[in-house]
Amino acid sequence: MYLIFIGPPGAGKGTQAKRICDHFSIVHLSTGVILRDEISKNSPIGKSAKTFIDVGQLVPDDVLLKKMSGRLAQNDCNNGYCLDGFPRTITQAKGLEQILTNLNQSLDAVVSIVADEEELINRLVLRGSTSGRTDDTPEIIRQRLRVYRRQTEPLIEFYEQQNLIKAVEGVGKITEITERILNTLV
Ligand code: AMP
């Protein structure tokens, strides 16, 4: 099962992607986690990524495409994966198509988690008090939501044209939302 999770910050995309990966025993690949890991190692990628992440901007496409083309070629990806937070731009989505062709893989579905703006801001501000993430402050949250609307939301139309979109309402109990997602994937 090869899946992509798309959703605005705070929609619960990471939580649900993890639960779906556990369900299907496939790899969970969060580019946010991968980049924060590079930051904690103080690697060259991490140092550069931090300058974008801290201001709520996207890290440049070539950095993500290079990193993900290496990662998706690893053996643990052969049985499938959930991509959480990647692709985030049309350029990344087109780059991913090339990567998938080279690896002889194809997407099964793109799960789009939907939630209203008010709900997202409340959740993120709450998460900010415990996550320790430098980008969970009200000002940066608003910026990340703007970036999502402008750069990532067009992906829904892109994948809609390939008939891959499964839209799921992201409000409710965590377990109920997982059920909703699983129901769209059968
Ligand atoms: P996330 O944990 O998915 O909310 O990602 C946190 C931050 O990492 C984002 O606000 C971006 O700055 C950066 N990031 C994560 N994934 C990507 C991506 N696919 N393309 C560009 N930047 C990304």
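The values are calculated or read from the model by the stated rules, or taken from the named source; none is laboratory data. Please read all numbers here as calculations on a predicted model, not as lab measurements. Cβ atoms come from the backbone with ideal geometry, glycine included; neighbour counts cover every protein chain shown.
Filtering region 5-45 down to residues that are more than 10 Å from the ligand (Cβ to nearest atom) and of a type in the set (D, E, K, R), which residue is nearest to residue 154 (Cα to Cα)? Selected residue: 18. Which numbered condition in (1) surrounded by fewer than 19 Cβ atoms within 10 Å (Cβ to Cβ); (2) within 15 Å of the chain's Cα centre (by Cα) is the only one that residue 4 fails? That leaves (1) as the condition not met. Is it the case that some residue within region 8-21 is free of Cβ contacts under 8 Å to residues at least 24 places away in the same chain and more than 13 Å from the chain's Cα centre (by Cα)? Scanning region 8-21 turns up no residue that is free of Cβ contacts under 8 Å to residues at least 24 places away in the same chain and more than 13 Å from the chain's Cα centre (by Cα).
This table checks each residue for (1) closer than 27 Å to residue 170 by Cβ; (2) in contact with a strand residue (DSSP E or B) (Cβ under 7 Å, 6 or more places away or on another chain); (3) modelled with pLDDT under 95.
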{"site": "2", "(1), (2), (3)": "yes, yes, no"}
{"site": "9", "(1), (2), (3)": "yes, no, yes"}
{"site": "19", "(1), (2), (3)": "yes, no, no"}
{"site": "46", "(1), (2), (3)": "no, no, no"}
{"site": "61", "(1), (2), (3)": "yes, no, no"}
{"site": "71", "(1), (2), (3)": "yes, yes, no"}
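The rows are residues; the columns are (1) near the ligand (Cβ under 9 Å from one of its atoms); (2) touching a residue at least 40 places away in the same chain (Cβ under 8 Å).
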site	(1), (2)
49	yes, no
54	yes, yes
57	yes, yes
61	yes, no
74	no, no
77	no, yes
81	no, yes
